[in-house]
Amino acid sequence: MASYGDFAYYYDSLTENVDYEERCAYIRGLLAENGVGEGILLDLACGTGTLSLMLSAMGYDVIGVDASEDMLSVAQEKKMETDEDVIFLCQRMEELDLFGTINACVSTLDSINHVTDAKTVQEIFRRVSLFMEDKGLFIFDVNTPYKHREVLGDNTFVYDTDEVYCVWQNSTDDNLLTRVSLDIFEKDEDDEETYYRYCEEFSERGYELHHIKQWLENNKFEVIGIYEEMTTLPVKADTQRAVFVARKIGTQ
């Protein structure tokens, strides 16, 4: 997995199309509907902490975990501007190690896809299960195989914001491994004709949804639903992002 060094400082600008308030309300709804209206919540692969802080404001005791020190540095800066008491920890998902148990875990914006080894994904599920209370919820989303084949594919995307200009190039193989290359250009504040260039590379893998379901069940999770993103409707053949809602059964 990449460390997302320079990318961390442009992440929020490049994801400004993400409606975090809507996403947070959606997650809160899924949690409440399935019996977790409060308690300790883990935001796994929390990135720059936007969702962590919003969930904290909704009353959860939030722990944000991410492997990138740079991402967490941005998250800490955001925390200092709020009254939220979120704990941020620098850990790889497959090495998750908490002081106690949790009532829920969320992981959003295809963080699981950034883990490109299937055995490692299964270890992540095992670690989440290890720290999850009985009847606790695990909610996460994944980019589907359809999205990797038909949308990401071998395509190039351009993001032009007030802060940065980014060229996003993909190459996808037959095993649904998508290699991503980013060229980020930042305008010099003192010279509008001068740009600074930063490069970042990382990979994502698409996983068949039935495999993910089986891996969850192997780790004492009952899959309540697999939904079209931001809905409680079942996934379709052309669903691009699927949301898993799973309940822990028993204790370790």
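The values are calculated or read from the model by the stated rules, or taken from the named source; none is laboratory data. Treat the numbers as computed from the prediction; the structure is a model and nothing was measured. Every residue, glycine as well, gets a Cβ built from its backbone with ideal geometry; the counts of neighbours run over all protein chains shown.
Across the stretch 178-215, the qualifying residues are those that are surrounded by 15 or more Cβ atoms within 10 Å (Cβ to Cβ), under 17 Å from Asp117 (Cβ atoms) and not charged (D, E, K, R), and the one among them that is farthest from the chain's Cα centre (by Cα) is Trp215. Arg149 falls short on exactly one of the conditions (1) touching a Gly at 6+ places or on another chain (Cβ under 8 Å); (2) within 30 Å of Asn34 (Cβ to Cβ); (3) not polar (S, T, N, Q), and that condition is (2). Within the stretch 29-49, residues that are assigned by TED's automatic domain parsing to the domain that holds Glu84 have Cβ atoms under 6 Å from residues that are part of a loop (DSSP other than H, G, I, E, B) in these pairs: Glu38/Gly59; Leu41/Tyr60; Ala45/Ser111, counting only partners at least 6 apart in sequence or on another chain.
Considering the stretch 161-182, the residues that are in a strand (DSSP E or B) and of a type in the set (A, V, I, L, M) include one that is nearest to Tyr198 (Cα to Cα), namely Leu182. Determine whether Gly39 is over 25 Å from Arg92 (Cα atoms) and not polar (S, T, N, Q). For Gly39, the condition - over 25 Å from Arg92 (Cα atoms) and not polar (S, T, N, Q) - is not met. One residue stands out among those in the stretch 224-242 that are in contact with a Ser or Thr (Cβ under 8 Å, 6 or more places away or on another chain) and of a type in the set (Val, Ile, Thr): the one that is surrounded by the most Cβ atoms within 10 Å (Cβ to Cβ), which is Thr239. Please verify whether Thr251 is without any contact (Cβ under 8 Å) to a residue 24 or more places away in the chain and hydroxyl-bearing (Ser, Thr, Tyr), treating the condition exactly as stated. Here the answer is no, as Thr251 does not meet what is asked. Mind listing just one residue for me: the one in the stretch 134-164 that is farther than 24 Å from Thr232 by Cα and buried (at least 16 other Cβ atoms within 10 Å of the Cβ) and, of those, modelled with the highest pLDDT? Checking each candidate, the answer is Leu152. The residues of the stretch 54-65 that are surrounded by 23 or more Cβ atoms within 10 Å (Cβ to Cβ) and more than 17 Å from Phe99 (Cβ to Cβ), listed by number, are Leu55, Ser56.
So is Phe125 assigned to a helix (DSSP H, G or I) and over 20 Å from Asn175 (Cβ atoms) or not? The answer is yes for Phe125. Of the residues in the stretch 15-36, how many are assigned to a helix (DSSP H, G or I) and among the acidic types (Asp, Glu)? The number of residues fulfilling the criteria is 3.
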